[in-house]
Structure formats: structure tokens, C-alpha cells
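Working notes, beginning with the structure itself.
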Amino acid sequence: MISGKNINLVARNKNILKNIFFNCKPSEITVFIGESGAGKTSALRCIAGLQKSYSGELLCDDRDTRKLTPRIRARTIGFAAQNYNLFPNLSVLENCTLALEASLALSKKEALQQARAMLASVGMGNHEHSPITVLSGGQKQRVAIARALCLKPQALVLDEPSSALDPHNVESLGLLLKKLASQNMTVVLSSQDMRFVSLVYDRIFLFRDGEIIESVTRQELQERPSSQIAAFLNH
């Protein structure tokens, strides 16, 4: 489980996150929603270890994420950015094996075996030799997820994963994330795509001006149709 307690973040003399609390559980898809600039991505970057200047406590299975070594962090929390951050000069397979060789010091043979298995699991096994530049948005998203999963993390963190996808690929991504959650993975993502959110969420946190103003599970939302989150989903 990933938990944030009293998380505050100040950048450029602005309070980006203001004393936020959240719990993201295994076997669930937790979604951060809110307008642009509300703090969703900043919270994800804190979870992923890309932003460390926050105050408060951020734990993954009771371990302080700021105290994890880079190698242990990579094996604990996988992160896929909104723009994928794939290497355009490398093939699909090379993007995945590079992470394994650099982060885990695997042999070339071990890295190839593990990368191929993970690419196959996300439906990209037939594209391993393709250049990144010829892939669609949906395919790039799957490669970015496969690269993160190659390190066998306990949690997967995704920033706006459906932003560049057509409706068919949005549905395919939703099914993939549900499959990962069903395997006891903690899945955390931000999104402004309410159709996608409605498809995948188990728990939602609503951000506004750096604060979390409401949180609900799917069952709770059915019981609270007048909640602020319900209004946001239907906006």
C-alpha cells in the first residue's frame, strides 16, 4: 500500500500540495482527479520519487520512499509519464532492456527474456523491433507500461495515461490496468478523462488548489450521488 500523510510541497514560492492525505491499496486502481494545476501530477511525482522536496511522510508498505535506493525504488514503484519518456532512437525492445540492464544490472540474455515476456503481456510482443517513432499513442503507452513493469514493481504510477488515446485504446488500456490490479498490484494514476476514470476507478481523490477535498470508493459514490466527485465525473 502507498500512503501519504501531511504531504506539503512548496515550489517557486507557491504551495503546490497542502497537507494532503491518501491511501492507495493493492488490487485497486486509485485515481487522482481535478482541474489542471490542482496538484495531481505533483502528488504522483512525489510517490514516484521524482520530487523529494516535500514535507510529510510518504510510505510504500511502511517504507519511507525517500530512503529507498534508486535500484530498490525502481523495483518498488514503476512510473510512466504522460509523454511516455521513451528513447526515440531505440527500438521497442531496446527501450525495455535498457532499463533492466541499467537499473538491475541483468545480463543481456536475462534482460531480453524478461523484456520480451513483459511486452507480450501488454500486447506488444509483435512490435519488439519497431522504432518508437512509428508507434501510435496507444502503442507507446503500452511500451511505457511494459518498461515500468519489467522491473517487477509493487506499484504502477501513471500520469494522464489516456490523454493521447482513441476510444478503442482507452478501453484496451482500462482492461490492462484492471488485469494488473487483479494481480495484487497497486495502480495509481491521474486523469482528466472522466470517461476513462469512470471505466477503471476503485477509489477517487479529488484535488483542488493543492488540497484533497473529497475521496470516495466506487460503492460509496453510488451511495452519495450528490458528492462533488459525482458532479466532477458528470461535468
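Bear in mind that the values in this text are calculations on the coordinates, not laboratory data. Just so it is clear, the model here is predicted, and its values are computed rather than measured. When we count neighbours, we look across all protein chains shown, and the Cβ atoms used for this are built from the backbone with ideal geometry, even at glycine.
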Open item on the list: At 10 °C and a viscosity of 1.306 mPa s, what translational diffusion coefficient does Stokes-Einstein give for the range 81-166, taking Rh as the Kirkwood radius over Cα pairs? Give it in µm²/s as a whole number.
Closed with: 125 µm²/s
Open item on the list: Residues of the range 156-170 with the amide nitrogen closer than 19 Å to a label point 7 Å from the Cα of residue 198, along Cα-to-Cβ, please.
Closed with: 161-170
Task: q = 0.13, 0.17 Å⁻¹, the chain: log10 I(q)/I(0) [Debye, one scatterer per Cα] - done: -0.77, -1.26
Task: Those GluC sites (Glu not before Pro) in the range 162-235 that DSSP places in a loop and that have at most 15 other beta carbons within 10 Å - done: none
- [ ] Report the label-to-label distance for residue 23 and residue 103 in nanometres (one decimal), using points 7 Å from each Cα along the Cα→Cβ vector.
- [x] 2.7 nm
Task: Size of electric dipole in the chain: Cβ of Lys, Arg +1 and of Asp, Glu -1, about Cα centre, debye, nearest 20 - done: 620 debye
Open item on the list: Looking at the range 151-199, I'd like the Rg to Rh ratio, where Rg is from alpha-carbon atoms and Rh is Kirkwood's inverse mean 1/r.
Closed with: 0.96
Task: Lys, Arg +1 and Asp, Glu -1 on Cβ, resulting dipole of the range 1-110 about Cα centre, debye, nearest 20 - done: 340 debye
Task: Rg over Rh [alpha-carbon atoms, Kirkwood Rh] for the range 1-119 - done: 1.02
Task: Neighbourhood net charge (12 Å Cβ-Cβ; Lys/Arg +1, Asp/Glu -1) for residue 39 - done: +2
Open item on the list: Suppose R0 equals 35 Å. What FRET efficiency, 1/(1 + (r/R0)^6) with r the Cβ-Cβ distance, do residue 71 and residue 163 give to the nearest 0.05?
Closed with: 0.70
Task: Sites residue 231 and residue 6, calculated FRET efficiency, Cβ-Cβ separation with R0 30 Å, nearest 0.05 - done: 0.60
Open item on the list: Just to be sure I understand: of the beta bridges DSSP finds with both ends in the chain, what percent are antiparallel, rounded to 5?
Closed with: 55 percent
Open item on the list: Sorted from largest to smallest, which semi-axis lengths in Å does the alpha carbon gyration tensor of the range 50-107 give for its equivalent ellipsoid, taking the root of 5 times each eigenvalue?
Closed with: 26, 15, 8
TODO: Enter the angle in degrees (range 0 to 90, nearest 10) between the Cα long axis of helix 108-121 and the first principal axis of the Cα atoms of the chain, meaning the one along which they spread out most.
DONE: 50 degrees
TODO: Relative to the longest principal axis of the C-alpha atoms of the chain, give the angle of the C-alpha long axis of helix 167-182, reported between 0 and 90° and rounded to the nearest 10°.
DONE: 90 degrees
